Amino acid sequence: MGSKYTKRWTEEFKRDAIALVGSSGKTVTAVARELGISSESLRGWYRRAKADQGEGTPGELTSAEREELRRLRRENREHAVVPGPARGPLLLLRLARGRGRPPGPPGG
């Protein structure tokens with residue numbers, strides 16, 4: 001079983017660990033074992049660093065692209081249309097403020 005909390009590593013530690021993988025000729029798993037960290041954590045850091053340097057696998061996003069995607073998804077959620085019955089009160093509010101069309105047949 002895993003622990004109840006997630007360890008946070010400094011950016012400096014991550015950079016040093018990534019550099020060690022690149023310079024030592026050892027596998028990610030071997031370096032992670034030596035440092036006492038999860039091999040999956042180190043592998044993720046290493047892959048992100050490679051992608052940020054333009055050396056990632058085709059289609060892999062850089063950190064800047066991932067951040068932009070997060071921002072755009074957040075904006076989309078904020079601007080999402082309210083579905084179903086909840087639209088009624090919003091329409092009434094818009095009408096009260098002078099925006100929107102009143103319900104009923106056109107021209108009548």
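Bear in mind that the values in this text are calculations on the coordinates, not laboratory data. Nothing here was measured: the structure is a model prediction, and the numbers come from that model. FYI the Cβ positions are ideal-geometry reconstructions off the backbone, even for glycines, and counts take in every protein chain you see.
Within the stretch 1-55, the set of residues being of a type in the set (Lys, Arg) and farther than 28 Å from residue 67 by Cα comprises 26, 33.
When the test is whether a residue is more than 19 Å from residue 9 (Cα to Cα) and out of contact with any strand residue (DSSP E or B) (no Cβ under 9 Å at 6 or more places or on another chain), residue 33 does not pass it.
Restricting the stretch 20-66 to residues that are more than 24 Å from residue 6 (Cβ to Cβ) and out of contact with any helix residue (DSSP H, G or I) (no Cβ under 9 Å at 6 or more places or on another chain) leaves a set whose member that is surrounded by the fewest Cβ atoms within 10 Å (Cβ to Cβ) is 58. Here residue 10 clears all of (1) without any contact (Cβ under 8 Å) to a residue 24 or more places away in the chain; (2) surrounded by 13 or more Cβ atoms within 10 Å (Cβ to Cβ) except the condition numbered (2).
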